[in-house]
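Worksheet for the structure shown next.
The values are calculated or read from the model by the stated rules, or taken from the named source; none is laboratory data. All of these numbers come straight from a predicted model, not from anything done at the bench. So basically every Cβ, Gly included, is an ideal-geometry build from the backbone, and we count neighbours across all protein chains shown.
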Amino acid sequence: MKYLVPGLTSLLLCVQLLAAAQAPASGPRRPATKGPVNKKESPAAVTSPAPAGLVVPSWLPADAPLQPAATILTDVVDTKLDVRFDYKKQHLLGTALLTLRSHFYPQSEVSLDAKGFDIQKVELVSDKKPKVLAFTYDRRKLVIALDHPYPRTTPYQVRIVYVAKPNELPQGGSAAITSDKGLYFINPLGIEKNKPRQIWTQGETEASSCWFPTIDKPNQRMTQEISMTVEKQFKTLSNGVLTASKTNADGTRTDTWKLKQPHAPYLASMVVGDFAVVNDSWHGKPVDYYVEPQYAGTARAIFGRTPQMLDFFSKKLGVEYPWDKYAQVAVRDYVSGAMENTTATTHGSTIQATRRELLDANYQTSESVIVHELFHHWFGDYVTSESWANLPLNESFADYSELLWAEHKYGPDEAGLVQEIKINNYLEEAQSKREPLIRYRHTNREDMFDRHSYDKGGRVLHMLRKYVGDEAFFASLNRYLVQNKQTAVELSQLRTAFEETTGEDLMWFFNQWFLQRGHPELRITHSYANNQVTLRVQQTQDTLFQPVFRLPVTVAVWTNNNQPTEHRITVTKASQTFVLPANQKPSLVKFDNESQLLAQFDEERTQDELIFQFYHARSYQQKSEALDLLQNKTTELAVSGLLRNAMTDKFWAVRRLALDHLRRYRGPEPEGMRKDIQQLATTDVNPKVRAQAITTLASFPDGTFGPIYSAAISDSSALVAAAAIQALAKKPDLNTSQQVATLDNTTSSPLILAVANYYATNGTLDQYGWFLRRLPDVAEADLYAYFQSFGTLMTRIPPVERDSGIKTLEEYARNSPRYEIRLGAYRGLALLMPTSPNLKALLQNIREKETDDRLKAFYNLM
């Protein structure tokens, strides 16, 4: 599922870390079992009482209940839906015809998930007259009494007439999926300016049963047909292909979409709205892009590499894309980053971009999500994890596909940047939680959607690829897909595919990386004497709660300036020494020369070794590491020279990182260095580098770079212009306010935030109305920051003028469906406390009525 939105998950991590800071430092725990485990037992995920006084790390989660795969009594074979919509009430009026079959044992009743419905009729459909069936319903489970027990050899059909009322369901969700009501009406009455009317669904994890009755578990598979009756001006999209489109006498239209290959219920999808459809194709199959009409001209620029991706992954996996079509649609107010609904991926509206915004797009911010959701059509849709405990069998692969495509399309540096970002994402989350990847014990299935299932899992697959080699890795994936196609799987089937391909027992790898928690924390030192390098590797992680890892790894010994000697070693102990031959004192000894381990490193190297590493690096990660470790040595001439060279590196991320480390530079030749930075601010081809150069210039308190900032406001890149506005906010000149005012009506998200930040510190009562007027145009992902800028501005205007602003922030703090927006609005209000003491009671009331545990934890710490 879901492409995790970086900003939202970072915010959640902040809340988690704050909560962890209050967690008790000790408790009843004992170490997890370290031997191979069976998934039904999974002791690696269990903790039990430990000796009194044992200090337990704060990242160790509390005990959680066992969450096995759902027992299958009945199979949903086929689902036919006929639906229409009541926009005023935000209801779905539906008829479901379900073809069901007893899984093994004869069944005399069937239990269906059906959340918050009005059930109007339930009947058995046969060649004869339909038979009304008795049922019980508690607004979550619909239990239907059949007319007799049905053996597994005899399918039967049940018709259910119902009304779905998604807005009457209790609110739930997670960091990855911020709401779980399944069916969403966007601007249903058309009263919100600048927002289209849309309907869309979001089924993962078990929210499809909020809009049609089913057995809402990932180990079900069904074929599907959905008929949607809509207003004639709207387009529709669903799984499979459009088989019929009929104009009705009342002016509506009924579109019928049919998916003839089975998939899991959570992947079912409907979308209705006013879209432009841009058509493409691959191997004779339709490849379509649904966007709001104003983005029709850029849809191909956004999505146009999809056919190349289909080709690349089909060849790499040896399994051609297995579905009849592939479509992508962008919708408003989406509750996640994106979702891999079978043949019909849904994206949030932020994937859409104007031509100017495309100038700022890079692989990380746009194309990677397209790759991620497409790859799910093999790993997740074609082969599906049998339970949410096995979610990494979906998400780790989709996450890793981002590196595979970057490597193929853009080269090793871009792939290295993906690897670095993903490792850092996981390690950041690991400060507050460490779980096994495969978690049969979890409190809530939504908890599975975290940086473990995504970023850690992807890195584990990278290590597996490096261990077995490319040929064996992709041959194993082919075997896994072919042997398990259109079924639900658990971890053992992936392991078996690799073992059957390679001939090696890989239980050790799958046990330590999938079934046990944590990661290695490595202290690495080396010395040279008597033509030998003595390398000491210590695993310093808490091995009471994490394993001592087995780590096959490459060590490079540079004994001349051109070619290293590589040694393959395997670390198996908490402290281990290796002796490597070297005919002279090395210029560099580099542990994990391929930058493939998921670990934290404390690797001893001198300044000269780090400088050598930068100039002889084989990957982006080695350059990045050297720059990070040398950033506090910029007063050294050699380091200063290295940074100057880094600013001319062929890879944009190296140039940007060097500029970031040059903020407040005090080293040799400061004027020359500033001129180099100015040069990048005005001429670098990459907008992210230009923007960083402006940010770096703004860090010099004595700099006079106003003309550069003023010119940059007109840059073709919105990111560069936004950086310039942020710089000018600190030191505005006589013309700055006039320049910023020309952007008052911008539609660019980065510029709206930059203008808001400028007005927060330099605005007056005149800009108060601007914040209220532009609020409908702010992307939901930006509201957290926008509300705090608004609160800052209000501290600078008379209290008597604040009523509308306070009421607006209160409304969002209480009622926004997204927790991070509620938090942003709350913080905006909290900024006013020193000058509006009467807000204390209001804020207390908001805290008391908040039901989200994440926010309650944060509020308790404020």
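Out of Thr525, Thr443, Thr502, one residue alone is at pLDDT below 95 and of a type in the set (Val, Ile, Thr). It is Thr443. Among the residues of this structure, Arg517 counts as one that is in contact with a helix residue (DSSP H, G or I) (Cβ under 9 Å, 6 or more places away or on another chain), touching a residue at least 40 places away in the same chain (Cβ under 8 Å), within 30 Å of Ala472 (Cα to Cα) and charged (D, E, K, R). If you go through segment 610-633 and keep only what is surrounded by 20 or more Cβ atoms within 10 Å (Cβ to Cβ) and of a type in the set (Asp, Glu), you end up with just Glu625.
Has segment 228-245 got any residue that is of a type in the set (D, E, K, R) and either buried (at least 22 other Cβ atoms within 10 Å of the Cβ) or without any contact (Cβ under 8 Å) to a residue 12 or more places away in the chain (or both)? No, every residue in segment 228-245 fails to be of a type in the set (D, E, K, R) and either buried (at least 22 other Cβ atoms within 10 Å of the Cβ) or without any contact (Cβ under 8 Å) to a residue 12 or more places away in the chain (or both).
Out of the helices (runs of 4 or more DSSP H) lying entirely within segment 723-799, which hold 1 or more residues that are in contact (Cβ under 8 Å) with a residue 60 or more places away in the chain and surrounded by 19 or more Cβ atoms within 10 Å (Cβ to Cβ)?
Working: elements: 736-741, 749-762, 768-774, 783-794.
Fully inside segment 723-799 and qualifying: 749-762, 783-794.
Any idea how many residues of segment 215-225 are within 20 Å of Gly173 (Cβ to Cβ) and surrounded by fewer than 24 Cβ atoms within 10 Å (Cβ to Cβ)? Before you say what the answer is, go through the steps one by one.
In the first step, residues of segment 215-225 are kept if they are within 20 Å of Gly173 (Cβ to Cβ); the result is 216-218.
From what's left, surrounded by fewer than 24 Cβ atoms within 10 Å (Cβ to Cβ): 217.
So the count comes out to 1.
Restricting attention to segment 134-172, the residues that are small (Gly, Ala, Ser), crowded, with 19+ Cβ neighbours inside 10 Å and more than 14 Å from Ser208 (Cβ to Cβ) add up to 0. Scanning segment 286-311 for residues that are in contact with a Lys or Arg (Cβ under 8 Å, 6 or more places away or on another chain) and within 24 Å of Asn484 (Cα to Cα) yields a total of 0. Inside segment 819-834, residues that are in a loop (DSSP other than H, G, I, E, B) and touching a helix residue (DSSP H, G or I) at 6+ places or on another chain (Cβ under 6 Å) make up a count of 3. When the criteria are applied in full, Ile199 meets the requirement of being under 30 Å from Pro322 (Cα atoms) and not in a loop (DSSP other than H, G, I, E, B). Taking the conditions (1) modelled with pLDDT of 95 or more; (2) outside any helix (DSSP H, G or I) in turn, Leu643 satisfies each one other than (2).
Scan segment 184-213 for residues that are under 23 Å from Val158 (Cα atoms) and either among the hydrophobic types (A, V, I, L, M, F, W, C) or surrounded by fewer than 24 Cβ atoms within 10 Å (Cβ to Cβ) (or both) and the total you get is 5.
Within the bounds of segment 489-508, is there any residue that is basic (Lys, Arg), in contact with a helix residue (DSSP H, G or I) (Cβ under 9 Å, 6 or more places away or on another chain) and within 25 Å of Val56 (Cβ to Cβ)? The answer is no, given that none of the residues of segment 489-508 is basic (Lys, Arg), in contact with a helix residue (DSSP H, G or I) (Cβ under 9 Å, 6 or more places away or on another chain) and within 25 Å of Val56 (Cβ to Cβ). Would it be correct to say that Ser209 is at pLDDT below 95, outside any strand (DSSP E or B) and among the polar types (S, T, N, Q)? Against the criterion (at pLDDT below 95, outside any strand (DSSP E or B) and among the polar types (S, T, N, Q)), Ser209 does not qualify.
Looking at Glu636, Glu604, Glu669, just one residue is among the charged types (D, E, K, R), surrounded by fewer than 16 Cβ atoms within 10 Å (Cβ to Cβ) and closer than 30 Å to Arg451 by Cβ, and that residue is Glu604. In the set (1) small (Gly, Ala, Ser); (2) in contact with a Leu (Cβ under 7 Å, 6 or more places away or on another chain); (3) surrounded by 24 or more Cβ atoms within 10 Å (Cβ to Cβ), Ser432 fails one condition alone, (3).
Of the residues Ser699, Ser710, Ser716, the single one that is small (Gly, Ala, Ser) and part of a helix (DSSP H, G or I) is Ser710.
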